[in-house]
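Every number here is computed from the coordinates shown, using simple stated rules; none is lab data. Please read these numbers as outputs of a predicted model, since none were measured by experiment. Note that we place each Cβ from the backbone using ideal geometry, even for glycine, and neighbour counts take in every protein chain shown.
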Amino acid sequence: MALKRGDGLDEFRELVANAETVATTWQVGSEYIWLDHALERLWSNFARLRDEIQMAADKKSEAVPGDYQRWLGRLREYNPEGTAQEIDAEARKLSEYDRKPLDRAGSFLGQLMPIYAEVAILSAALCEAHINLALAWGLTMLGRDPAFRLIEQSGTVEKWLRGPTLLFDGYELPSNSAEVETLRRVFEERNILMHPKSSISRNGAARVSAKRLHAKSVTDVLNWLPRFFSLPFDLAEFMAKQPAIDGFDFPQLSKRQSIPRAPQHMLRRTRA
């Protein structure tokens, strides 16, 4: 028998203790909540750097036409025998005339790539944490939790594509969606970063080859980074809108805060 405390809640506690259980109870740990906090911190740093890059690129782009004309004049002066095509091509290269506007701020790539690497690792980890939670929770609610030990060995992309079909009919994460494209890319980058190998040559011949990160320009990095940031929250929101199990909606480890949804990610956000 529970002792009375005299705090005005004794009667309420007695009612709760004697009440019949009418619904399944469950609890989810929050061990991975720090992953989204880390992404939020990196997002603020990235957003500031992106603004700085845009300003530098705009400034450079304003100077490009004049730089091109100056290089034309100098190259003609020092290369009187050069053809018009040769001089034009060299002037375009030296003035960055044909480069994409953001790539004219190429000196920022060294600042962007550490963020790119960190975000790829964190985003992949959070995507994995979300789908593991969804599958473990759903199978437990259905009384089939031993099955989780089997599917747990699958790759994370496969878990997102096929795993929830074990929970209910009609689940579909379209393999041609931008979200799945980002999911595949972020795990490919994550695997390269987490299992690094060096490229080795001997006597001018390549002996060991290693995969390299896809992003090679400022434009590429600025295109993919917002998608990497957004992906875990987009997928979590997608799963949260799936049919309830035993009357309960899917739990979420974390929810979107300052990180905006990537405009490329267009999966349906609400239940039908």
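Between Ala117 and Lys59, the C-beta separation translates, for a Förster distance of 25 Å, into a calculated FRET efficiency of about 0.35.
Normalised by the number of residues in the stretch 42-105, what is the relative contact order in percent for Cα pairs under 8 Å and 6+ residues apart?
Details: 39 pairs, mean separation 29.8, N = 64.
Across the stretch 42-105, relative contact order equals 47 percent.
Can you spot the lysines whose alpha carbon is less than 29 Å from Lys241's alpha carbon? Ignore those fewer than 8 places along the same chain. Cα-Cα hits under 29 Å: Lys159, Lys255.
What's the FRET efficiency of Ile33 with Arg92 using the Cβ-Cβ distance as r and R₀ = 51 Å, to the nearest 0.05? Mind dumping the intermediate values first?
Values: r = 51 Å, r/R0 = 0.99.
E between Ile33 and Arg92, to the nearest 0.05, is 0.50.
Using a cut-off of 29 Å between alpha-carbon atoms, which lysines can reach Lys100, once sequence neighbours fewer than 8 places away in the same chain are excluded? Once the sequence-local lysines are set aside, what remains near Lys100 is Lys59, Lys60, Lys211, Lys216.
The phi-based Karplus calculation (6.51 cos²θ - 1.76 cosθ + 1.60; θ = phi - 60°) puts the 3J(HN,Hα) values of the stretch 123-131 at 4, 4, 4, 6, 4, 5, 4, 5, 6 Hz, whole numbers, x for Gly and Pro.
Whole-Hz Karplus values for the stretch 216-224 come out as 10, 9, 4, 4, 4, 5, 5, 7, 8 Hz, taken residue by residue from phi with 6.51 cos²θ - 1.76 cosθ + 1.60 and θ = phi - 60°; glycine and proline positions read x. Per residue, the convex hull around the alpha carbon atoms of the stretch 47-133 comes to 111 Å³. Distance between the C-alpha centers of the stretch 63-124 and the stretch 157-181? Whole Å please. Rounded to whole Å, the Cα centres lie 42 Å apart. Using the Karplus relation 6.51 cos²θ - 1.76 cosθ + 1.60 with θ = phi - 60°, the per-residue 3J(HN,Hα) values for the stretch 65-72 come to x, x, 4, 4, 5, 5, 5, 4 Hz, with x marking Gly and Pro. Within the same chain, aspartates and glutamates fewer than 8 places from Lys4 are excluded, and of the rest, those with a Cα less than 17 Å from its Cα are Glu14.
Just to verify a number: FRET efficiency for Tyr171 and Gln69, C-beta to C-beta distance, R0 = 41 Å, to 0.05? Don't skip to the answer; put the middle values down first.
Details: r = 60 Å, r/R0 = 1.45.
FRET efficiency, Tyr171 to Gln69: 0.10.
In a DSSP loop and with at most 12 other Cβ atoms within 10 Å, the trypsin sites (Lys or Arg not before Pro) in the stretch 80-175 are Arg144.
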